[in-house]
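The values are calculated or read from the model by the stated rules, or taken from the named source; none is laboratory data. Here the structure is a predicted model, which means the values were calculated and not measured. All Cβ positions, glycine included, derive from the backbone under ideal geometry; neighbour counts span all protein chains shown. Protein only, heavy atoms only, side chains kept; ligands, DNA and RNA dropped before computing areas. Shrake-Rupley method; radii C 1.70, N 1.55, O 1.52, S 1.80 Å.
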Amino acid sequence: MNTIWHLVLNGISSGAVYAALGLSLVIIYRATRVVNFAQPALALISAYLAYATTKATGSYWLGFAVALLAGTLLGVLVERLLIRRVSRRSELSSIIVTLGLLLVLQAVAGMIWSNEPHAFGYAFDFRGRFSATDLFAVSAVLVTAAGVLLLFKFTPLGLRMRAAAFRPEVAKMLGVRVGLMLTAGWGLAALVGSLAGMLAIPPFISPNVLDKVFVFALTAAVLGGLDNPVGTIVGGFALGIGLSCISGLVGPELVPLAALAVLVLVLAVRPSGLFGRTIARRV
Amino acid sequence: MPLRDRHAETSPTNAHFSSAVEMRPMTSDSSDTLLAVRGVTVRFGGLVALHDVELTIRPRTVVGVIGPNGAGKTTLFNVVCGFVRPDSGTLHWRGQRLRRHRPHQLAKLGISRTMQALGLFAGLTVLENVMTGANRHAGSGTVAALLGTAGSARDERDLRERALAVLEELDVADVRDALPGSLPYGVQKRVALARALVAEPDLLLLDEPASGLSSAEMDELVGRLRWLRESTTVVLVEHHMDLVMRVCDEIVVLNFGEVIATGTPERVRADPLVLDAYLGNAADGEERAGA
């Protein structure tokens with residue numbers, strides 16, 4: 001019983017990261033029907049910048065702030081400079097561009113900081129069962145997720161972002177600056193993504209450190225419905241707990257296999273996610 | 001509805017679309033004209049959708065644009081809205097030429113439009129749908145456009161209250177929390193109208209406002225259009241001759257992309273060209289209106 005409890009707590013803290021990274025995917029998917037495969041790379045670059053900042057100044061929190069800021073900026077730049085140019089052709093073009101960007105940015109990170117892992121500090125004490133660092137991760141993700149949901153539901157910006165996502169042409173006519181809303185969405189998503197990166201990366205940073213986390217985050221988003229932020233957050237925590245239990249009770253080598261099994265099963269049985277609404281949209 | 005002069009074109013907040021509006025006033029016929037369409041021609045490949053179309057909309061009138069299917073009525077709306085760029089010809093809004101205006105500038109100019117297909121946001125509640133229409137009152141800088149009306153909670157409440165007031169005016173406030181897809185078509189049409197009205201437009205473009213309505217709803221629409229004329233200007237594209245004849249001050253008849261008649265309902269009704277092109281096939285027209 002004690003073991004189970006331990007595994008669940010463990011799962012909650014890793015699930016928080018999947019939820020946050022999944023949420024960053026959902027924000028962009030909802031607005032543009034594009035899965036941003038470059039998201040882990042954006043988080044990676046901002047985490048490397050945090051690493052450099054912390055190394056230079058000795059302050060973890062200064063690095064943390066740099067990561068969030070750089071992440072947001074990177075999201076904005078990617079939308080303005082790359083995605084906007086290709087998005088008119090088709091959604092597939094954007095998706096392929098994000099895939100390419102993932103490879104390029106990971107390579108660039110390797111060129112600048114080398115492919116060797118560097119030590120990357122935790123925010124707080126990480127020892128013990130459900131440490132201060134775990135608590136920080138879970139609360140930071142919950143606060144951020146609540147913030148994003150409130151923004152979407154209760155602010156004029158959120159209202160216009162949703163309107164722009166549903167019918168960009170009509171939204172334009174009503175005075176919504178659809179392009180600006182898309183940029184804002186990418187910035188917001190990359191902000192959440194870099195938070196996830198900062199929480200997921202310790203203890204070591206290397207160019208491919210986020211690959212596995214990204215697969216789990218994508219699974220969480222598909223599990224909850226790529227359209228559904230709340231579902232994705234729930235899906236992230238559920239997946240975290242589930243994988244932690246599989247790792248502890250069956251064997252850690254089965255974790256990636258289990259995640260892929262979940263992914264295939266959900267896509268086969270309920271492609272719009274366990275909590276997704278089945279609406280046919282924008283065909 | 002307080003409409004005019006709250007958003008004088010020269011106010012600094014309108015700077016971002018000033019490039020679209022030539023600030024030099026036009027010398028002729030600018031005093032009593034809200035919107036002027038001059039010699040507009042639109043070609044789609046080899047098809048001439050509009051040919052040398054002239055249209056003059058005076059304030060506080062209801063103007064009907066009629067014509068058989070494919071006559072270019074919706075294309076004309078799309079030109080006014082900036083969705084379609086004319087191959088030649090000009091648009092003048094309040095005497096100033098509109099140059100390369102874009103759809104997102106319409107709200108600021110004071111032009112609202114309803115769509116034939118309604119274009120409601122499926123995932124937003126009725127109230128939220130109407131609230132998106134109130135953008136005219138938001139600031140126009142990048143920061144203001146991001147945060148909405150200065151971003152304060154008070155403005156958010158204002159927006160909500162104005163949207164609710166319009167919903168009440170149209171008797172649909174009771175469904176404010178419903179999603180549009182769950183509502184009957186007639187109610188959805190009112191929601192779409194509310195979304196266009198909440199911006200307090202100076203010019204309201206209605207694309208087939210009567211299609212799909214019952215005769216009772218149609219009577220209501222007639223009353224509503226007459227009431228709207230008190231405060232704003234309406235241009236409607238319509239198949240229902242009955243409605244057009246009852247409410248319009250002026251009618252413009254399009255056929256194969258050309259204006260073949262303009263004038264009061266009586267004059268248009270008596271015009272032999274119109275009889276030939278359109279009214280002669282009235283039964284046919286009715287049929288199509290139902291489709």
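Filtering the range B:154-179 to residues that are part of a helix (DSSP H, G or I) and crowded, with 22+ Cβ neighbours inside 10 Å leaves B:LEU159, B:ALA163, B:VAL166, B:LEU167. The residue list B:LEU193, B:LEU206 contains one member that is assigned to a helix (DSSP H, G or I), away from chain A (no Cβ under 12 Å), in contact with a strand residue (DSSP E or B) (Cβ under 7 Å, 6 or more places away or on another chain) and at pLDDT 90 or above, which is B:LEU193.
Within the range A:77-100, the set of residues being open to solvent by 30 Å² or more (accessible area, probe 1.4 Å) and among the hydrophobic types (A, V, I, L, M, F, W, C) comprises A:LEU77, A:LEU81, A:LEU82, A:LEU92, A:ILE95, A:ILE96, A:VAL97, A:LEU99. Is it fair to say A:ALA137 is surrounded by 19 or more Cβ atoms within 10 Å (Cβ to Cβ), closer than 18 Å to A:THR32 by Cα and either away from chain B (no Cβ under 14 Å) or touching a Gly at 6+ places or on another chain (Cβ under 9 Å) (or both)? In short, no. Might you let me know whether the range B:50-73 holds any residue that is within 9 Å of chain A (Cβ to nearest Cβ) and part of a loop (DSSP other than H, G, I, E, B)? Within the range B:50-73 (the criterion being within 9 Å of chain A (Cβ to nearest Cβ) and part of a loop (DSSP other than H, G, I, E, B)), the answer is no, since none of the residues qualifies.
The residues of the range A:148-160 that are open to solvent by 20 Å² or more (accessible area, probe 1.4 Å) and either at positive phi or aliphatic (A, V, I, L, M) (or both), listed by number, are A:LEU149, A:LEU150, A:LEU151, A:LEU157.
Residue by residue through the range A:165-194, note down the ones that are hydrophobic (A, V, I, L, M, F, W, C), open to solvent by 10 Å² or more (accessible area, probe 1.4 Å) and more than 9 Å from chain B (Cβ to nearest Cβ). A:LEU182, A:LEU188, A:LEU191 - these are the residues of the range A:165-194 that are hydrophobic (A, V, I, L, M, F, W, C), open to solvent by 10 Å² or more (accessible area, probe 1.4 Å) and more than 9 Å from chain B (Cβ to nearest Cβ). Taken over the range B:57-89, the criterion of being open to solvent by 50 Å² or more (accessible area, probe 1.4 Å) and closer than 19 Å to B:SER112 by Cα is satisfied by B:ARG58, B:ARG60, B:PHE83, B:ARG85. Among the residues of the range A:223-236, some residue qualifies, meaning at least one is open to solvent by 30 Å² or more (accessible area, probe 1.4 Å), in contact (Cβ under 8 Å) with a residue 60 or more places away in the chain, out of contact with any Asp or Glu (no Cβ under 8 Å at 6 or more places or on another chain) and of a type in the set (D, E, K, R). Scan the range B:100-113 and give yes if some residue there is of a type outside the set (Phe, Trp, Tyr), closer than 24 Å to B:ALA277 by Cβ, open to solvent by 10 Å² or more (accessible area, probe 1.4 Å) and more than 11 Å from chain A (Cβ to nearest Cβ), otherwise no. No; the residues of the range B:100-113 include none that is of a type outside the set (Phe, Trp, Tyr), closer than 24 Å to B:ALA277 by Cβ, open to solvent by 10 Å² or more (accessible area, probe 1.4 Å) and more than 11 Å from chain A (Cβ to nearest Cβ). Counting only helices (runs of 4 or more DSSP H) that fall entirely inside the range A:1-78 and contain at least 2 residues that are basic (Lys, Arg) and closer than 30 Å to A:ARG160 by Cα, no element qualifies. When residues in the range A:122-134 are screened for being open to solvent by less than 90 Å² (accessible area, probe 1.4 Å), outside any helix (DSSP H, G or I) and in contact (Cβ under 8 Å) with a residue 60 or more places away in the chain, 3 of them pass.
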